[in-house]
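Participant: Sending over a structure as C-alpha coordinates; questions will come in a sec.
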Amino acid sequence: MRIGMLIIGSEILQGKIVDANTVWLAKFLSKKSLELQLTLTVPDQESAILEALKTLYTHCELVFCSGGLGPTKDDITKETLAKFFNKSVHFSEQAHQNAQANYQQFNRTLPENHGYSFLPKDFIALSNPAGFAPGLWFSNGQQHLLAGAGVPKEFSALIDFHFKNLTKPYLTEQKPFTLLNFRTWGVPEERIFKEIDPSLWIKLEAFGSVSSLPHTLGVDIGVKVDDVDDSKIQMIKEIIDQSPIKKHVWHVGFESLEEKIILEAGKRNLTIGFAESCTGGLCANRLTNISGASKVFWGSIVCYDNSIKMNLLHVKPETLQNFGAVSEQTAREMAQGAREALKTDYAISLTGIAGPQGGTSEKPVGTVWMGIADGSGVQAEKFQFNGDREILKMRFSQIALFKLLEKITYRDQE
(Lines give C-alpha, C1' and ligand atoms only; values in the text may rest on other atoms or scores of the structure.)
Protein backbone atom coordinates (compact mmCIF):
# COMPACT_ATOMS: atom_id res chain seq x y z
CA MET A 1 0.00 0.00 0.00
CA ARG A 2 1.26 3.46 -0.90
CA ILE A 3 1.21 5.81 2.07
CA GLY A 4 1.23 9.60 2.32
CA MET A 5 1.27 12.19 5.09
CA LEU A 6 -0.53 15.54 5.30
CA ILE A 7 0.74 17.96 7.95
CA ILE A 8 -1.66 20.83 8.60
CA GLY A 9 -0.46 23.85 10.56
CA SER A 10 0.30 27.46 9.74
CA GLU A 11 2.56 27.56 12.80
CA ILE A 12 4.87 25.01 11.17
CA LEU A 13 5.23 27.00 7.97
CA GLN A 14 5.76 30.17 10.02
CA GLY A 15 8.68 28.52 11.80
CA LYS A 16 7.06 28.65 15.23
CA ILE A 17 7.28 24.89 15.76
CA VAL A 18 9.00 21.95 14.10
CA ASP A 19 7.06 19.04 12.62
CA ALA A 20 7.99 15.91 14.58
CA ASN A 21 5.13 13.70 13.43
CA THR A 22 6.57 12.82 10.04
CA VAL A 23 9.81 11.58 11.58
CA TRP A 24 7.94 9.49 14.13
CA LEU A 25 5.55 8.06 11.53
CA ALA A 26 8.37 7.09 9.15
CA LYS A 27 10.07 5.14 11.94
CA PHE A 28 6.77 3.60 13.04
CA LEU A 29 5.98 2.40 9.52
CA SER A 30 9.47 1.06 8.82
CA LYS A 31 9.08 -1.38 11.71
CA LYS A 32 6.09 -2.77 9.82
CA SER A 33 7.94 -2.97 6.49
CA LEU A 34 6.02 0.08 5.24
CA GLU A 35 7.29 3.39 3.88
CA LEU A 36 6.09 6.93 3.37
CA GLN A 37 5.95 7.82 -0.33
CA LEU A 38 4.94 11.48 -0.06
CA THR A 39 4.50 14.15 2.62
CA LEU A 40 2.99 17.63 2.25
CA THR A 41 2.80 20.50 4.74
CA VAL A 42 0.09 23.12 4.30
CA PRO A 43 -1.34 26.07 6.29
CA ASP A 44 -4.76 26.03 7.98
CA GLN A 45 -6.46 27.05 4.75
CA GLU A 46 -9.23 25.12 3.04
CA SER A 47 -7.90 25.56 -0.49
CA ALA A 48 -4.41 24.42 0.46
CA ILE A 49 -5.72 21.35 2.30
CA LEU A 50 -7.99 20.37 -0.59
CA GLU A 51 -5.19 20.70 -3.12
CA ALA A 52 -2.84 18.66 -0.93
CA LEU A 53 -5.41 15.88 -0.50
CA LYS A 54 -5.94 15.77 -4.27
CA THR A 55 -2.20 15.36 -4.80
CA LEU A 56 -1.78 12.78 -2.07
CA TYR A 57 -4.61 10.56 -3.23
CA THR A 58 -3.22 10.67 -6.76
CA HIS A 59 -0.16 8.83 -5.48
CA CYS A 60 -1.35 7.08 -2.29
CA GLU A 61 -4.16 4.91 -0.96
CA LEU A 62 -3.64 5.61 2.76
CA VAL A 63 -3.11 9.15 4.00
CA PHE A 64 -2.19 10.10 7.54
CA CYS A 65 -3.19 13.59 8.62
CA SER A 66 -1.98 15.61 11.61
CA GLY A 67 -3.30 18.91 12.91
CA GLY A 68 -6.43 21.03 12.85
CA LEU A 69 -8.70 18.84 14.98
CA GLY A 70 -8.91 21.16 17.98
CA PRO A 71 -11.76 23.45 19.11
CA THR A 72 -10.46 26.81 17.83
CA LYS A 73 -11.56 28.77 14.76
CA ASP A 74 -8.50 27.82 12.70
CA ASP A 75 -9.13 24.09 13.25
CA ILE A 76 -10.88 23.40 9.96
CA THR A 77 -9.62 19.90 9.17
CA LYS A 78 -12.93 18.07 9.73
CA GLU A 79 -14.96 20.47 7.61
CA THR A 80 -12.38 20.41 4.83
CA LEU A 81 -12.18 16.62 4.83
CA ALA A 82 -15.97 16.51 4.57
CA LYS A 83 -15.86 18.79 1.54
CA PHE A 84 -13.12 16.73 -0.12
CA PHE A 85 -15.01 13.45 0.30
CA ASN A 86 -18.37 15.10 -0.46
CA LYS A 87 -19.79 14.42 2.97
CA SER A 88 -22.03 16.46 5.28
CA VAL A 89 -20.97 17.30 8.84
CA HIS A 90 -23.41 16.08 11.47
CA PHE A 91 -23.79 15.43 15.18
CA SER A 92 -22.54 11.96 16.09
CA GLU A 93 -23.45 10.30 19.38
CA GLN A 94 -20.45 8.03 19.00
CA ALA A 95 -18.16 11.05 18.59
CA HIS A 96 -19.80 12.77 21.58
CA GLN A 97 -19.25 9.76 23.82
CA ASN A 98 -15.71 9.45 22.54
CA ALA A 99 -14.99 13.09 23.40
CA GLN A 100 -16.47 12.65 26.89
CA ALA A 101 -14.27 9.62 27.49
CA ASN A 102 -11.20 11.54 26.32
CA TYR A 103 -11.89 14.26 28.91
CA GLN A 104 -12.80 11.82 31.70
CA GLN A 105 -9.42 10.09 31.43
CA PHE A 106 -7.90 13.37 32.66
CA ASN A 107 -10.67 14.02 35.24
CA ARG A 108 -11.97 16.91 33.12
CA THR A 109 -15.51 17.81 32.10
CA LEU A 110 -16.29 18.17 28.41
CA PRO A 111 -16.97 21.92 27.87
CA GLU A 112 -19.93 23.28 25.96
CA ASN A 113 -19.54 24.34 22.34
CA HIS A 114 -16.42 22.19 21.97
CA GLY A 115 -17.28 20.91 18.50
CA TYR A 116 -15.84 17.45 19.06
CA SER A 117 -19.25 15.79 18.70
CA PHE A 118 -19.54 16.77 15.04
CA LEU A 119 -17.81 14.89 12.27
CA PRO A 120 -18.22 14.11 8.57
CA LYS A 121 -20.79 11.46 7.67
CA ASP A 122 -19.34 7.90 7.47
CA PHE A 123 -16.27 8.98 9.48
CA ILE A 124 -15.44 7.20 12.75
CA ALA A 125 -14.27 9.13 15.82
CA LEU A 126 -11.24 7.58 17.53
CA SER A 127 -10.30 7.67 21.19
CA ASN A 128 -7.29 9.84 21.98
CA PRO A 129 -5.07 8.07 24.54
CA ALA A 130 -3.02 11.19 25.23
CA GLY A 131 -5.34 14.16 24.74
CA PHE A 132 -8.82 15.58 24.20
CA ALA A 133 -9.43 15.83 20.44
CA PRO A 134 -10.77 12.60 18.93
CA GLY A 135 -8.96 11.20 15.93
CA LEU A 136 -10.70 10.32 12.66
CA TRP A 137 -10.86 7.24 10.45
CA PHE A 138 -12.46 7.03 7.03
CA SER A 139 -12.37 4.45 4.27
CA ASN A 140 -14.37 4.06 1.08
CA GLY A 141 -12.55 0.90 0.10
CA GLN A 142 -10.00 2.59 -2.15
CA GLN A 143 -9.06 5.68 -0.16
CA HIS A 144 -8.23 5.52 3.52
CA LEU A 145 -7.61 8.35 6.00
CA LEU A 146 -6.28 8.25 9.56
CA ALA A 147 -6.14 11.66 11.23
CA GLY A 148 -4.89 12.76 14.63
CA ALA A 149 -4.10 15.91 16.57
CA GLY A 150 -0.92 17.76 15.64
CA VAL A 151 0.58 17.54 19.15
CA PRO A 152 3.31 14.91 18.73
CA LYS A 153 2.55 12.91 21.86
CA GLU A 154 -1.15 12.77 20.92
CA PHE A 155 -0.54 11.92 17.27
CA SER A 156 1.91 9.11 18.05
CA ALA A 157 -0.24 7.63 20.81
CA LEU A 158 -3.35 7.62 18.62
CA ILE A 159 -1.65 6.03 15.60
CA ASP A 160 0.11 3.44 17.72
CA PHE A 161 -3.17 2.50 19.41
CA HIS A 162 -5.46 2.33 16.36
CA PHE A 163 -3.30 1.58 13.32
CA LYS A 164 -3.31 -2.22 13.34
CA ASN A 165 -7.04 -2.79 13.78
CA LEU A 166 -8.09 -0.09 11.31
CA THR A 167 -5.74 -0.95 8.47
CA LYS A 168 -5.58 -4.75 8.81
CA PRO A 169 -8.43 -5.40 6.31
CA TYR A 170 -6.70 -3.33 3.64
CA LEU A 171 -3.00 -4.11 4.09
CA THR A 172 -1.65 -6.99 2.05
CA GLU A 173 1.33 -8.88 3.43
CA GLN A 174 4.32 -6.62 3.06
CA LYS A 175 7.65 -7.78 1.73
CA PRO A 176 10.06 -7.26 4.62
CA PHE A 177 13.16 -5.14 4.30
CA THR A 178 16.20 -4.53 6.44
CA LEU A 179 17.62 -1.14 7.38
CA LEU A 180 21.27 -1.09 8.39
CA ASN A 181 22.62 2.14 9.85
CA PHE A 182 26.30 2.78 10.53
CA ARG A 183 26.82 5.83 12.72
CA THR A 184 30.16 7.59 12.30
CA TRP A 185 31.81 10.62 13.86
CA GLY A 186 34.88 12.77 13.37
CA VAL A 187 34.87 12.98 9.55
CA PRO A 188 32.61 15.00 7.22
CA GLU A 189 30.47 13.38 4.54
CA GLU A 190 32.58 14.46 1.59
CA ARG A 191 35.76 12.98 3.07
CA ILE A 192 34.13 9.60 3.69
CA PHE A 193 33.19 9.03 0.07
CA LYS A 194 35.86 11.12 -1.66
CA GLU A 195 39.02 10.44 0.34
CA ILE A 196 38.68 7.78 3.03
CA ASP A 197 36.90 5.14 0.95
CA PRO A 198 35.92 6.33 -2.57
CA SER A 199 34.56 2.88 -3.53
CA LEU A 200 32.44 2.43 -0.40
CA TRP A 201 29.15 3.66 -1.90
CA ILE A 202 29.46 1.37 -4.94
CA LYS A 203 30.32 -1.64 -2.77
CA LEU A 204 27.32 -1.10 -0.52
CA GLU A 205 25.00 -0.32 -3.42
CA ALA A 206 25.44 -3.88 -4.68
CA PHE A 207 23.24 -5.00 -1.78
CA GLY A 208 20.61 -2.25 -1.66
CA SER A 209 19.90 1.48 -1.75
CA VAL A 210 22.48 3.60 0.07
CA SER A 211 21.94 6.87 1.93
CA SER A 212 24.15 9.34 3.74
CA LEU A 213 22.79 11.62 6.46
CA PRO A 214 25.06 14.21 8.13
CA HIS A 215 24.54 15.02 11.82
CA THR A 216 26.37 17.24 14.27
CA LEU A 217 30.00 16.04 13.99
CA GLY A 218 28.88 12.76 12.42
CA VAL A 219 27.39 10.97 9.43
CA ASP A 220 24.95 8.06 9.22
CA ILE A 221 25.59 5.62 6.36
CA GLY A 222 22.40 3.67 5.66
CA VAL A 223 21.75 0.60 3.52
CA LYS A 224 18.24 -0.61 2.77
CA VAL A 225 18.08 -4.27 1.75
CA ASP A 226 14.77 -5.26 0.16
CA ASP A 227 14.57 -8.55 2.03
CA VAL A 228 15.78 -10.16 5.24
CA ASP A 229 18.90 -12.05 4.21
CA ASP A 230 21.41 -12.78 6.95
CA SER A 231 24.17 -13.51 4.45
CA LYS A 232 23.69 -10.12 2.76
CA ILE A 233 23.61 -8.34 6.10
CA GLN A 234 26.83 -10.07 7.14
CA MET A 235 28.54 -9.12 3.86
CA ILE A 236 27.52 -5.48 4.31
CA LYS A 237 28.95 -5.46 7.82
CA GLU A 238 32.17 -7.04 6.52
CA ILE A 239 32.49 -4.27 3.92
CA ILE A 240 32.35 -1.68 6.72
CA ASP A 241 34.71 -3.71 8.91
CA GLN A 242 37.29 -3.86 6.11
CA SER A 243 36.89 -0.19 5.19
CA PRO A 244 39.11 2.61 6.57
CA ILE A 245 35.87 4.17 7.81
CA LYS A 246 35.55 1.42 10.43
CA LYS A 247 37.57 3.35 13.03
CA HIS A 248 35.04 6.19 12.80
CA VAL A 249 31.98 3.97 13.36
CA TRP A 250 30.70 4.28 16.90
CA HIS A 251 27.45 2.33 16.55
CA VAL A 252 25.50 0.08 14.20
CA GLY A 253 21.83 0.92 14.69
CA PHE A 254 19.60 3.93 15.17
CA GLU A 255 20.15 4.62 18.88
CA SER A 256 21.31 8.12 19.74
CA LEU A 257 24.68 9.04 21.20
CA GLU A 258 23.00 9.65 24.55
CA GLU A 259 21.29 6.26 24.50
CA LYS A 260 24.56 4.54 23.64
CA ILE A 261 26.36 6.24 26.54
CA ILE A 262 23.66 5.24 29.03
CA LEU A 263 23.74 1.67 27.71
CA GLU A 264 27.50 1.23 27.71
CA ALA A 265 28.05 2.93 31.07
CA GLY A 266 25.26 0.81 32.56
CA LYS A 267 26.84 -2.41 31.31
CA ARG A 268 30.04 -1.49 33.12
CA ASN A 269 28.43 -0.04 36.27
CA LEU A 270 30.10 3.32 35.65
CA THR A 271 28.90 6.70 36.89
CA ILE A 272 29.14 10.03 35.07
CA GLY A 273 29.14 13.70 36.01
CA PHE A 274 29.77 17.04 34.32
CA ALA A 275 31.18 20.47 35.02
CA GLU A 276 29.62 22.71 32.36
CA SER A 277 30.43 26.32 31.73
CA CYS A 278 29.85 27.25 28.06
CA THR A 279 27.21 24.53 27.51
CA GLY A 280 25.10 25.66 30.47
CA GLY A 281 23.89 22.16 31.41
CA LEU A 282 23.22 20.93 27.86
CA CYS A 283 25.16 17.69 28.35
CA ALA A 284 23.18 16.89 31.48
CA ASN A 285 19.93 17.75 29.72
CA ARG A 286 20.71 15.42 26.82
CA LEU A 287 21.55 12.46 29.03
CA THR A 288 18.55 12.93 31.30
CA ASN A 289 16.25 12.86 28.29
CA ILE A 290 17.02 9.14 28.13
CA SER A 291 15.11 6.64 30.26
CA GLY A 292 17.48 4.86 32.60
CA ALA A 293 19.88 7.80 32.93
CA SER A 294 19.57 7.72 36.72
CA LYS A 295 21.52 4.45 36.82
CA VAL A 296 24.70 6.11 35.55
CA PHE A 297 24.30 9.90 35.63
CA TRP A 298 24.96 11.52 39.01
CA GLY A 299 24.76 15.24 38.21
CA SER A 300 26.23 18.33 36.61
CA ILE A 301 27.67 21.49 38.10
CA VAL A 302 26.85 24.45 35.85
CA CYS A 303 29.73 26.76 36.62
CA TYR A 304 29.13 29.69 34.30
CA ASP A 305 30.69 32.30 36.54
CA ASN A 306 34.29 32.00 37.72
CA SER A 307 33.18 32.25 41.34
CA ILE A 308 31.33 28.93 40.96
CA LYS A 309 34.40 27.36 39.38
CA MET A 310 36.42 28.40 42.41
CA ASN A 311 33.89 27.79 45.19
CA LEU A 312 32.32 24.52 44.05
CA LEU A 313 35.01 22.96 41.86
CA HIS A 314 38.04 24.39 43.67
CA VAL A 315 39.62 25.83 40.54
CA LYS A 316 42.58 27.85 41.83
CA PRO A 317 42.25 31.65 41.55
CA GLU A 318 45.78 31.81 40.16
CA THR A 319 44.83 29.33 37.42
CA LEU A 320 42.04 31.61 36.26
CA GLN A 321 44.22 34.69 36.58
CA ASN A 322 47.26 33.27 34.78
CA PHE A 323 45.59 31.12 32.09
CA GLY A 324 41.98 32.29 31.88
CA ALA A 325 38.70 30.40 32.20
CA VAL A 326 39.07 28.94 28.70
CA SER A 327 42.30 27.03 29.10
CA GLU A 328 43.72 23.56 29.48
CA GLN A 329 44.59 24.19 33.11
CA THR A 330 41.09 25.35 34.04
CA ALA A 331 39.44 22.47 32.16
CA ARG A 332 41.62 19.98 34.03
CA GLU A 333 40.86 21.47 37.43
CA MET A 334 37.15 21.67 36.63
CA ALA A 335 37.02 18.00 35.69
CA GLN A 336 38.94 16.91 38.77
CA GLY A 337 36.82 19.12 41.01
CA ALA A 338 33.61 17.74 39.56
CA ARG A 339 34.75 14.15 40.01
CA GLU A 340 35.59 14.79 43.65
CA ALA A 341 32.35 16.68 44.31
CA LEU A 342 30.05 14.24 42.51
CA LYS A 343 31.90 11.02 43.44
CA THR A 344 31.70 9.61 39.92
CA ASP A 345 33.90 7.31 37.86
CA TYR A 346 34.08 9.91 35.11
CA ALA A 347 33.71 13.68 35.14
CA ILE A 348 33.77 15.78 31.99
CA SER A 349 34.35 19.51 31.96
CA LEU A 350 33.63 22.07 29.25
CA THR A 351 34.85 25.64 29.14
CA GLY A 352 34.75 27.64 25.93
CA ILE A 353 33.57 30.66 23.97
CA ALA A 354 30.16 30.30 22.28
CA GLY A 355 30.08 33.92 21.08
CA PRO A 356 29.22 36.02 19.38
CA GLN A 357 31.25 38.20 21.77
CA GLY A 358 34.18 37.20 23.92
CA GLY A 359 36.62 35.88 21.35
CA THR A 360 40.21 37.03 20.91
CA SER A 361 42.92 36.31 18.36
CA GLU A 362 44.40 33.71 20.73
CA LYS A 363 41.03 32.28 21.73
CA PRO A 364 38.51 32.93 18.95
CA VAL A 365 34.78 32.22 19.19
CA GLY A 366 34.27 28.47 18.85
CA THR A 367 37.21 27.54 21.08
CA VAL A 368 36.44 24.93 23.72
CA TRP A 369 38.56 22.97 26.18
CA MET A 370 37.21 19.64 27.35
CA GLY A 371 38.61 17.89 30.40
CA ILE A 372 37.95 14.35 31.52
CA ALA A 373 38.88 12.94 34.92
CA ASP A 374 38.81 9.31 36.00
CA GLY A 375 40.69 7.06 38.37
CA SER A 376 43.83 7.20 36.25
CA GLY A 377 44.11 10.97 36.22
CA VAL A 378 42.99 14.00 34.20
CA GLN A 379 43.26 14.80 30.52
CA ALA A 380 42.28 17.87 28.53
CA GLU A 381 41.85 18.52 24.83
CA LYS A 382 41.19 21.64 22.78
CA PHE A 383 38.72 21.88 19.89
CA GLN A 384 37.76 24.64 17.47
CA PHE A 385 34.36 24.84 15.79
CA ASN A 386 32.39 27.26 13.61
CA GLY A 387 28.77 28.31 13.95
CA ASP A 388 26.43 30.61 15.84
CA ARG A 389 25.92 30.41 19.58
CA GLU A 390 23.26 27.70 19.52
CA ILE A 391 25.15 25.54 17.03
CA LEU A 392 28.40 25.91 18.95
CA LYS A 393 26.82 24.84 22.22
CA MET A 394 25.50 21.73 20.50
CA ARG A 395 28.89 20.99 18.93
CA PHE A 396 30.65 21.50 22.25
CA SER A 397 28.30 19.05 23.96
CA GLN A 398 28.53 16.62 21.06
CA ILE A 399 32.31 16.36 21.15
CA ALA A 400 32.19 15.90 24.92
CA LEU A 401 29.70 13.04 24.63
CA PHE A 402 31.64 11.40 21.80
CA LYS A 403 34.84 11.56 23.84
CA LEU A 404 33.02 10.21 26.88
CA LEU A 405 31.68 7.25 24.89
CA GLU A 406 35.15 6.64 23.49
CA LYS A 407 36.60 6.62 26.99
CA ILE A 408 33.92 4.25 28.29
CA THR A 409 34.24 1.74 25.46
CA TYR A 410 38.03 1.89 25.32
CA ARG A 411 38.12 1.14 29.04
CA ASP A 412 37.81 -2.56 28.20
CA GLN A 413 41.05 -2.39 26.24
CA GLU A 414 43.07 -0.61 28.93
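The values are calculated or read from the model by the stated rules, or taken from the named source; none is laboratory data. None of these values were measured; they are calculated from a predicted model. As a convention, Cβ positions derive from the backbone with ideal geometry for all residues, glycine included, and neighbour counts pool all protein chains shown.
Participant: Of the conditions (1) in contact with a Gly (Cβ under 8 Å, 6 or more places away or on another chain); (2) over 24 Å from Ala99 (Cα atoms), Thr58 satisfies every one except a single condition; which number is it?
Facilitator: Only one criterion is unmet by Thr58, namely (1).
Participant: Looking only at the stretch 294-312, count how many residues are out of contact with any Ser or Thr (no Cβ under 8 Å at 6 or more places or on another chain) and buried (at least 19 other Cβ atoms within 10 Å of the Cβ).
Facilitator: Final tally of qualifying residues: 2.
Participant: Scan the stretch 334-358 residue by residue and report those that are closer than 26 Å to Ile391 by Cα and either part of a helix (DSSP H, G or I) or over 36 Å from the mean Cα position of the chain (by Cα) (or both).
Facilitator: Here is the first cut: in the stretch 334-358, the ones closer than 26 Å to Ile391 by Cα are 334-335, 338, 346-358.
Answer for the stretch 334-358, where residues must be closer than 26 Å to Ile391 by Cα and either part of a helix (DSSP H, G or I) or over 36 Å from the mean Cα position of the chain (by Cα) (or both): Met334, Ala335, Ala338.
Participant: So in the stretch 11-33, with the set limited to residues that are touching a strand residue (DSSP E or B) at 6+ places or on another chain (Cβ under 9 Å) and over 16 Å from Leu145 (Cα atoms), which one is modelled with the lowest pLDDT? Step through it out loud before you land on a result.
Facilitator: So the first thing to find is which residues in the stretch 11-33 are touching a strand residue (DSSP E or B) at 6+ places or on another chain (Cβ under 9 Å), and the list is 12-13, 19, 21-22, 25-26, 29-30.
Those left that are additionally over 16 Å from Leu145 (Cα atoms): 12-13, 19, 26, 30.
Working: Ile12: 94, Leu13: 93, Asp19: 95, Ala26: 94, Ser30: 89.
Of everything passing the filter in the stretch 11-33, Ser30 is modelled with the lowest pLDDT.
Participant: Condition first: outside any strand (DSSP E or B), at pLDDT 95 or above, aliphatic (A, V, I, L, M) and crowded, with 16+ Cβ neighbours inside 10 Å. Can you find one or more residues in the stretch 77-93 that meet it?
Facilitator: The answer is yes; a qualifying residue exists.
Participant: So which of Lys32, Lys54, Lys16 ends up being assigned by TED's automatic domain parsing to the domain that holds Ala82, within 23 Å of the chain's Cα centre (by Cα) and closer than 25 Å to Thr172 by Cα?
Facilitator: Values: Lys54 fails: within 23 Å of the chain's Cα centre (by Cα); Lys16 fails: closer than 25 Å to Thr172 by Cα.
Going through Lys32, Lys54, Lys16 in turn, just one is assigned by TED's automatic domain parsing to the domain that holds Ala82, within 23 Å of the chain's Cα centre (by Cα) and closer than 25 Å to Thr172 by Cα: Lys32.
Participant: Looking at this structure, is Asn128 in a loop (DSSP other than H, G, I, E, B), assigned by TED's automatic domain parsing to the domain that holds Ser92 and over 25 Å from Lys27 (Cβ atoms)? Lay out the reasoning, then the answer.
Facilitator: Values: in a loop (DSSP other than H, G, I, E, B): yes; assigned by TED's automatic domain parsing to the domain that holds Ser92: yes; over 25 Å from Lys27 (Cβ atoms): no.
Against the criterion (in a loop (DSSP other than H, G, I, E, B), assigned by TED's automatic domain parsing to the domain that holds Ser92 and over 25 Å from Lys27 (Cβ atoms)), Asn128 does not qualify.
Participant: Okay, moving on. Against the conditions (1) crowded, with 19+ Cβ neighbours inside 10 Å; (2) of a type in the set (Lys, Arg); (3) closer than 30 Å to Ala147 by Cα, where does Arg183 fall short? Just the number, please.
Facilitator: (3)
Residue by residue, here is whether (1) within 22 Å of Phe383 (Cβ to Cβ); (2) modelled with pLDDT of 95 or more; (3) hydrophobic (A, V, I, L, M, F, W, C) holds:
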{"residue": "Ile261", "(1), (2), (3)": "yes, yes, yes"}
{"residue": "Ala275", "(1), (2), (3)": "yes, yes, yes"}
{"residue": "Thr279", "(1), (2), (3)": "yes, yes, no"}
{"residue": "Met310", "(1), (2), (3)": "no, yes, yes"}
{"residue": "Gln336", "(1), (2), (3)": "yes, yes, no"}
{"residue": "Leu342", "(1), (2), (3)": "no, yes, yes"}
{"residue": "Gly359", "(1), (2), (3)": "yes, no, no"}
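Participant: A follow-up question, please. What's the number of the only condition in (1) closer than 21 Å to Phe396 by Cα; (2) in contact (Cβ under 8 Å) with a residue 60 or more places away in the chain that Leu342 fails to meet?
Facilitator: (1)
Participant: Quick check, is Gly280 within 20 Å of Ser397 (Cα to Cα) and either over 24 Å from the mean Cα position of the chain (by Cα) or not assigned by TED's automatic domain parsing to the domain that holds Phe193 (or both)? Even if it seems obvious, please write down each step before you answer.
Facilitator: Numbers: within 20 Å of Ser397 (Cα to Cα): yes; either over 24 Å from the mean Cα position of the chain (by Cα) or not assigned by TED's automatic domain parsing to the domain that holds Phe193 (or both): yes.
Judged against the criteria, Gly280 is a match.
Participant: Which numbered condition in (1) of a type outside the set (Val, Ile, Thr); (2) surrounded by 17 or more Cβ atoms within 10 Å (Cβ to Cβ); (3) in contact with an Asp or Glu (Cβ under 9 Å, 6 or more places away or on another chain); (4) closer than 28 Å to Asn181 by Cα is the only one that Lys232 fails?
Facilitator: (3)
Participant: Let me ask something else about it. Which is hydroxyl-bearing (Ser, Thr, Tyr), under 23 Å from Ala52 (Cα atoms) and in the same structural domain as Ile159 (by TED's automatic domain parsing), of Thr80, Thr109? Give the derivation first.
Facilitator: Numbers: Thr109 fails: under 23 Å from Ala52 (Cα atoms).
The match here is Thr80.
Participant: Residues Ile239, Ile245, Ile233: which one is outside the structural domain of Arg332 (by TED's automatic domain parsing), modelled with pLDDT of 95 or more and under 26 Å from Ser33 (Cβ atoms)? Show your work before the answer.
Facilitator: On the way: Ile245 fails: under 26 Å from Ser33 (Cβ atoms); Ile233 fails: modelled with pLDDT of 95 or more.
When all the criteria are applied, what remains is Ile239.
Participant: Can you tell me which residues in the stretch 187-227 are in a loop (DSSP other than H, G, I, E, B) and either of a type outside the set (Gly, Ala, Ser) or outside the structural domain of Glu238 (by TED's automatic domain parsing) (or both)? Step through it out loud before you land on a result.
Facilitator: The first filter runs over the stretch 187-227 and keeps only residues in a loop (DSSP other than H, G, I, E, B), leaving 187-188, 197-199, 206-208, 216-217, 226-227.
Selection gives Val187, Pro188, Asp197, Pro198, Phe207, Thr216, Leu217, Asp226, Asp227.
Participant: Is it fair to say Ala82 is in contact (Cβ under 8 Å) with a residue 12 or more places away in the chain, farther than 13 Å from Ile7 by Cα, among the aliphatic types (A, V, I, L, M) and touching a Ser or Thr at 6+ places or on another chain (Cβ under 6 Å)? Walk me through how you get there before you give the answer.
Facilitator: Working: in contact (Cβ under 8 Å) with a residue 12 or more places away in the chain: yes; farther than 13 Å from Ile7 by Cα: yes; among the aliphatic types (A, V, I, L, M): yes; touching a Ser or Thr at 6+ places or on another chain (Cβ under 6 Å): no.
It is false that Ala82 is in contact (Cβ under 8 Å) with a residue 12 or more places away in the chain, farther than 13 Å from Ile7 by Cα, among the aliphatic types (A, V, I, L, M) and touching a Ser or Thr at 6+ places or on another chain (Cβ under 6 Å).
Participant: Next question. What's the total number of residues in the stretch 359-373 that are assigned to a loop (DSSP other than H, G, I, E, B) and closer than 15 Å to Gln329 by Cα?
Facilitator: Looking only at the stretch 359-373, we keep the residues that are assigned to a loop (DSSP other than H, G, I, E, B), and these are 359-366.
Checking which are closer than 15 Å to Gln329 by Cα leaves us with 363.
Of the residues in that region, 1 qualify.
Participant: Filter the stretch 23-41 for residues that are assigned to a helix (DSSP H, G or I) and surrounded by 15 or more Cβ atoms within 10 Å (Cβ to Cβ) and give the result.
Facilitator: Looking only at the stretch 23-41, we keep the residues that are assigned to a helix (DSSP H, G or I), and these are 23-30.
Scanning the stretch 23-41 gives Trp24, Leu25, Ala26, Phe28, Leu29, Ser30.
Participant: Could you pull out the residue among Pro43, Pro71 that is in contact (Cβ under 8 Å) with a residue 24 or more places away in the chain and more than 24 Å from Ala130 (Cβ to Cβ)? So that I can check it myself, show each step before the final result.
Facilitator: Numbers: Pro71 fails: more than 24 Å from Ala130 (Cβ to Cβ).
None of the other options fit; the residue is Pro43.
Participant: While we're here: Pick from His114, His162, His96: which is modelled with pLDDT of 95 or more and not assigned by TED's automatic domain parsing to the domain that holds Ile240? Working first, answer last.
Facilitator: On the way: His114 fails: modelled with pLDDT of 95 or more; His96 fails: modelled with pLDDT of 95 or more.
Selected residue: His162, the only one of His114, His162, His96 that is modelled with pLDDT of 95 or more and not assigned by TED's automatic domain parsing to the domain that holds Ile240.
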